[in-house]
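Report on the following structure.
The values are calculated or read from the model by the stated rules, or taken from the named source; none is laboratory data. If you're wondering where the values come from, they're calculated on a predicted model, not measured in any experiment. We place every Cβ from the backbone using ideal geometry, glycine too, and count neighbours over all the protein chains shown.
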Amino acid sequence: MKQQYFPYAFFQGKLIPVKEAKVSIMTNALQYGTGLFGGIRGYLAEDGKGINIFRLSDHYQRFLQSMLIIDRKLKYSHQELVSITLALVKKNQPKTDCYLRPIAYAANLGISPDLSVADFDFAIYMIPLGEYLSLDKGLKLMVSSWVRISDNMIPARAKITGGYINSALAKAEAARGGYDDALMLTSSGHVAEGSAANLFIVRNGALITSEKTADVLEGITRRSIIKLAEDLGIPVEERAIDRTEIYVADEAFLSGTGVQVAWIREVDGRVIGDGKLGPISEKIKQKFFDIVRGREKKYSGWLTKIY
Ligand code: PMP
């Protein structure tokens, strides 16, 4: 499938045509997975004028925290990363929902995985993006035979490019089996998350998600949903989830920038609840889309509008 993309990228300090934004095959990040990335969505505003970038500042906060975890510095501040992103979106003038992919990568060419001498550069490009996984049909998931990478192995808290081989193996196994995606367990056997999304389940009216120490990416959508649920008076539990709790859950959904709020119909062949979009998932999903399209004044602070 041919990947669509917007014409300009930010690369080596400049906005240039994305076709010219190329790295050497000797690049350290390409050899060793020594990169960090982000995924940010831009939503076409309700009135069709302008793009709402969702939680831009929070994404770059996490991005810089990832740099801290790997103990490397970027030559751009948080404010500069935000400004570069705004300039890129303005330059590309998107007329559809879009996805922004910032990446910090070890740009040096040496043959050694030594991070202590790695020299990080920053780039960002944009693609048009509708649904990453279906929002309507109810997802069919499997629990992967691949175990989630742990904090002392490749920290899932940092969005490290090399760590995504773990997601890639799980996703490929799921795809081969005819599933939409995979859930991964931690090495202690509790539920971590999906290949590129956090998991929520509903049991007895409470919204439950794995705690931040369950080898998950600290999702910005996850954080947003917890806040929304609390504001809606839905009890929220962040705690260890057993695999079999999913089988007996009333509802389940995945959350993430790409995934958005995508409800799950079945896991490992067990139908969740009555196999339909459940009432709590529906409420959260509706609220989420009202917010990102700019229909909810209360959460307008989560959006950066660009014309
Ligand atoms: N977990 C993983 C492994 C992911 O790749 C993503 C997507 N960034 C998420 C969770 C969801 O995080 P966010 O809501 O910040 O996109």
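Some notes on this structure:
- Qualifying position, being surrounded by fewer than 24 Cβ atoms within 10 Å (Cβ to Cβ) and in contact with an Asp or Glu (Cβ under 6 Å, 6 or more places away or on another chain), among 174, 158: 174
- Boolean, residue 231 is more than 14 Å from the ligand (Cβ to nearest atom), surrounded by fewer than 19 Cβ atoms within 10 Å (Cβ to Cβ) and among the charged types (D, E, K, R): yes
- If only residues of segment 199-214 that are in a strand (DSSP E or B) and within 15 Å of the ligand (Cβ to nearest atom) are counted, the one that is surrounded by the fewest Cβ atoms within 10 Å (Cβ to Cβ) is 209.
- The lone exception for residue 237 - which of (1) assigned to a strand (DSSP E or B); (2) surrounded by 20 or more Cβ atoms within 10 Å (Cβ to Cβ) it fails: (2)
- Evaluation of residue 118 against (1) touching a residue at least 12 places away in the same chain (Cβ under 8 Å); (2) under 27 Å from residue 42 (Cβ atoms); (3) of a type in the set (Gly, Ala, Ser) (one fails), failing number: (2)
- The residues listed here are 170, 196; of these, the one that is within 15 Å of the ligand (Cβ to nearest atom), touching a strand residue (DSSP E or B) at 6+ places or on another chain (Cβ under 7 Å), in the same structural domain as residue 282 (by TED's automatic domain parsing) and in a helix (DSSP H, G or I) is 170.
- Of 6, 10, all but one fail to be surrounded by 15 or more Cβ atoms within 10 Å (Cβ to Cβ), assigned to a loop (DSSP other than H, G, I, E, B) and at pLDDT 95 or above; the exception is 6.
- Extreme residue, farthest from residue 153 (Cα to Cα), among residues of segment 68-85 that are surrounded by 14 or more Cβ atoms within 10 Å (Cβ to Cβ) and more than 16 Å from the ligand (Cβ to nearest atom): 84
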